[in-house]
Amino acid sequence: MGVPTHRSPRFRFAALGIILLTVAIRLPSLLHSQPIDDEAGYSVIANEIVHGGRPYIDAVDRKPPLLFWTYAAVFKVAGEYTLAGLYVIAKQLFDRETGLIAALFYSVFQPWVSFKNLAFNGEMVMNLAIVWAWAIALRHNSSRLRPELFLAGVLLCAGFLLKQPAAIAAVPLGIYLLLPSYRASNSLTRTDSIIQAAMLTAGFFAALGLVAIVLWRQGILHEAFYWTIADHDVPHVFGGRGITNTLTFLGACLPLAVGAIMTCRDKSAIWAGRTAERIALFGLLAASVIGAAAGARFYEHYYIQLIPPLALLAAPYYAQLWTRRMQPPHWLLRPSLTYAWLALTIVAFSISHWLALAARREPKETGRYLLEHSAPNDRIFVWGHKARIYLEARRRPACRYILSFPLTGSVFGGPLPGFDTRSRILPGAWTNLEQDFARHPPTYIVDLYSEPGALYPVQDFPILAKLLAERYQPVARTAEGVIYRMR
């Protein structure tokens, strides 16, 4: 409505270009036959669910349950739908050009630098739920009740159930609905605003309550709460990595940061009549920063949740710049230079991804050995943190602990010299291991801590050391460690 017809072919061409660019950028992951980073652990758990198992009981990870159920249902989706959500938000606030630029920015910068950001991880699917919740809430609607906010609340809860930091994205959205500028632009009373915020809240907690009932009926509500919420202390702040990765992120995504800053500076022109939305998006950015830093581990993929708010804040400025509706304040921001900057970013990211994944195309030696020497119904146990071995061997785990951190107290984020993690061992974890082994004994056990000076040598854990000495014999040494077979 109101858009000249001659622009429709241009719009369709631009939209098709963004879709093709998205596919091209992610081509390394589409052609990569091995799991990328967190995909390994999530896939092992999904496989257990497919075989009738339950998360947290038959396979343990510290992520919320919806992520595992999503993996069990479908493994490779969500990227293009997040782009669509960003387009809808920016188009509603501004115009088609701004919507396309927001989608373009997410397509380019979401897999920033590291190949691990190509993984179908919690941040990717979390962003999908968050973006569409915000698209619903930011849609102009003069209705006093706005029942669609209930659906937005459900989506925010879905984001939380996919990855915990998504919950904080609900806070600035709730504040947005209570802002005086929001009430003024929509001719609402304070009571109307409170009712709408309550509608959003009701959707969130209704979805949370429904999932809690499902978990309770499956008998895993306590375990889900423990692994999702309780087992997330911060024993150490990895400040060095935080500084390094934050500076790398800002350098790699500098066009987004510059666009967001310039948008903030030019708020009187670009955000005229959109004060509440501008406050809300900067609130989302602040909430995303808190979410990314909350675990104090500062992994590269944690920064993915910053991309949607940065893209939405930067897009209006570049839309003004690239459509010649404003003059660049500096020669570095001339359209021709920003186009070249963006193109070089795409090329650099792609080269980085191709090179990194090319070195990881072959299964690990341990996985190949187990696949060749074990029977399809054999169970295996990996002592260490390489869940991908289960996938490469195509064998199910003999123990719920597909990563050994509950048995060792290992701190996520990396080894801490001089820090004794034994006090962090999960109470009852070794009893659980013995019970799991009694139900389905492992035909093979892989020791990834066999080298001298290893962090968690088997000898330091009497139950496993005794089991290996009495019932197993070493049959192979691979690049990853020692493989034991049951006598």
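The values are calculated or read from the model by the stated rules, or taken from the named source; none is laboratory data. Not measured: the values here are computed from a predicted model. All Cβ positions, even for glycine, are placed from backbone atoms using ideal geometry, and neighbour counts span all protein chains on display. Areas reflect the complete protein model, heavy atoms only, side chains present, ligands, DNA and RNA absent. Shrake-Rupley method; radii C 1.70, N 1.55, O 1.52, S 1.80 Å.
Considering only residues that are of a type in the set (Val, Ile, Thr), touching a strand residue (DSSP E or B) at 6+ places or on another chain (Cβ under 7 Å) and either open to solvent by less than 30 Å² (accessible area, probe 1.4 Å) or in a loop (DSSP other than H, G, I, E, B) (or both), which ones fall in segment 458-487? I'd like the intermediate steps shown before the answer.
In the first step, residues of segment 458-487 are kept if they are of a type in the set (Val, Ile, Thr); the result is 458, 463, 475, 478, 482-483.
Now drop any that are not touching a strand residue (DSSP E or B) at 6+ places or on another chain (Cβ under 7 Å), which leaves 458, 475, 482-483.
Matches in segment 458-487: VAL458, VAL482, ILE483.
Being within 27 Å of ASN47 (Cα to Cα), in a helix (DSSP H, G or I), open to solvent by 10 Å² or more (accessible area, probe 1.4 Å) and β-branched (Val, Ile, Thr): is that true of THR443 here? Show your work before the answer.
Numbers: within 27 Å of ASN47 (Cα to Cα): yes; in a helix (DSSP H, G or I): no; open to solvent by 10 Å² or more (accessible area, probe 1.4 Å): yes; β-branched (Val, Ile, Thr): yes.
Spelling it out, it is not the case that THR443 is within 27 Å of ASN47 (Cα to Cα), in a helix (DSSP H, G or I), open to solvent by 10 Å² or more (accessible area, probe 1.4 Å) and β-branched (Val, Ile, Thr).
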Next on the checklist: Can you say whether LEU145 is part of a helix (DSSP H, G or I), over 21 Å from PHE68 (Cβ atoms), of a type in the set (A, V, I, L, M, F, W, C) and over 18 Å from the mean Cα position of the chain (by Cα), as far as the supplied structure shows?
Outcome noted: no
Checklist entry - Only one of these conditions is not met by GLU80: (1) modelled with pLDDT under 65; (2) charged (D, E, K, R); (3) buried (at least 19 other Cβ atoms within 10 Å of the Cβ). Which number is it? => result (3)
Checklist entry - Based on what the data block shows, is LEU256 touching a Leu at 6+ places or on another chain (Cβ under 8 Å), open to solvent by less than 10 Å² (accessible area, probe 1.4 Å) and either farther than 20 Å from PHE349 by Cα or among the aromatic types (Phe, Trp, Tyr) (or both)? => result no
Checklist outcome for this item: Within segment 140-154, residues open to solvent by less than 50 Å² (accessible area, probe 1.4 Å) and either of a type in the set (A, V, I, L, M) or touching a Gly at 6+ places or on another chain (Cβ under 9 Å) (or both) come out as LEU149, ALA152, GLY153, VAL154
Item to check | Every residue from segment 356-390 that is modelled with pLDDT of 90 or more and hydrophobic (A, V, I, L, M, F, W, C) | outcome: LEU370, LEU371, ALA375, ILE380, PHE381, VAL382, TRP383, ALA387, ILE389
Checklist entry - Being out of contact with any Gly (no Cβ under 9 Å at 6 or more places or on another chain), in a helix (DSSP H, G or I) and closer than 30 Å to PRO427 by Cβ, is that true of even one residue in segment 164-173? => result no
Checklist outcome for this item: Counting only residues that are over 19 Å from ASN141 (Cα atoms), among the polar types (S, T, N, Q) and in a loop (DSSP other than H, G, I, E, B), segment 187-241 contains a total of 1
Checklist entry - In the set LEU370, LEU391, which member is closer than 30 Å to ALA252 by Cβ and not charged (D, E, K, R)? => result LEU391
Next on the checklist: Please pick out the residue among TYR449, TYR444 that is at pLDDT 95 or above and in contact with a Pro (Cβ under 6 Å, 6 or more places away or on another chain).
Outcome noted: TYR449
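Within segment 189-203, which residues are open to solvent by less than 30 Å² (accessible area, probe 1.4 Å) and touching a Gly at 6+ places or on another chain (Cβ under 7 Å)?
First, pick out the residues of segment 189-203 that are open to solvent by less than 30 Å² (accessible area, probe 1.4 Å): 192-193, 196-197, 200, 203.
Within segment 189-203, ALA197, LEU200, GLY203 meet the criteria.
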Next on the checklist: Take LEU337 and tell me if it is farther than 28 Å from PHE412 by Cα and of a type outside the set (S, T, N, Q).
Outcome noted: yes
Item to check | Evaluation of SER423 against (1) under 28 Å from ARG54 (Cβ atoms); (2) in a helix (DSSP H, G or I) (one fails), failing number | outcome: (1)
Checklist outcome for this item: Of the residues in segment 392-440 that are β-branched (Val, Ile, Thr) and crowded, with 19+ Cβ neighbours inside 10 Å, the one that is nearest to TYR484 (Cα to Cα) is ILE402
Checklist entry - Looking at segment 31-56, which of its residues are open to solvent by less than 30 Å² (accessible area, probe 1.4 Å), among the β-branched types (Val, Ile, Thr) and modelled with pLDDT of 70 or more? => result VAL44, ILE45
Checklist outcome for this item: Of the residues in segment 296-345, those that are open to solvent by 40 Å² or more (accessible area, probe 1.4 Å) and either under 15 Å from PHE105 (Cα atoms) or assigned to a helix (DSSP H, G or I) (or both) come to GLU300, GLN320, TRP322, TRP331, LEU332, SER336, LEU337, TYR339, ALA340, TRP341, ALA343, LEU344
Checklist entry - How about segment 57-74: which of its residues are modelled with pLDDT of 70 or more and open to solvent by less than 10 Å² (accessible area, probe 1.4 Å)? => result ALA59, VAL60, PRO64, PRO65, LEU67, PHE68
Checklist outcome for this item: By residue number, the members of segment 363-386 that are within 26 Å of THR431 (Cα to Cα) and open to solvent by 10 Å² or more (accessible area, probe 1.4 Å) are ASN377, ASP378, ARG379, HIS385, LYS386
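Looking at LEU455, is it open to solvent by 60 Å² or more (accessible area, probe 1.4 Å) and among the hydrophobic types (A, V, I, L, M, F, W, C)?
Values: open to solvent by 60 Å² or more (accessible area, probe 1.4 Å): yes; among the hydrophobic types (A, V, I, L, M, F, W, C): yes.
Yes, satisfied.
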Item to check | Counted residues, segment 430-478 - those being without any contact (Cβ under 8 Å) to a residue 60 or more places away in the chain, among the aromatic types (Phe, Trp, Tyr) and within 28 Å of GLY414 (Cβ to Cβ) | outcome: 2
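Those residues that are closer than 17 Å to CYS157 by Cβ and open to solvent by less than 70 Å² (accessible area, probe 1.4 Å), I need them from segment 222-240; list them, please.
Result: ALA224, THR228.
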Checklist entry - Pick from ALA137, ALA158, ALA129, ALA133: which is in contact with a Phe, Trp or Tyr (Cβ under 8 Å, 6 or more places away or on another chain) and open to solvent by less than 30 Å² (accessible area, probe 1.4 Å)? => result ALA137
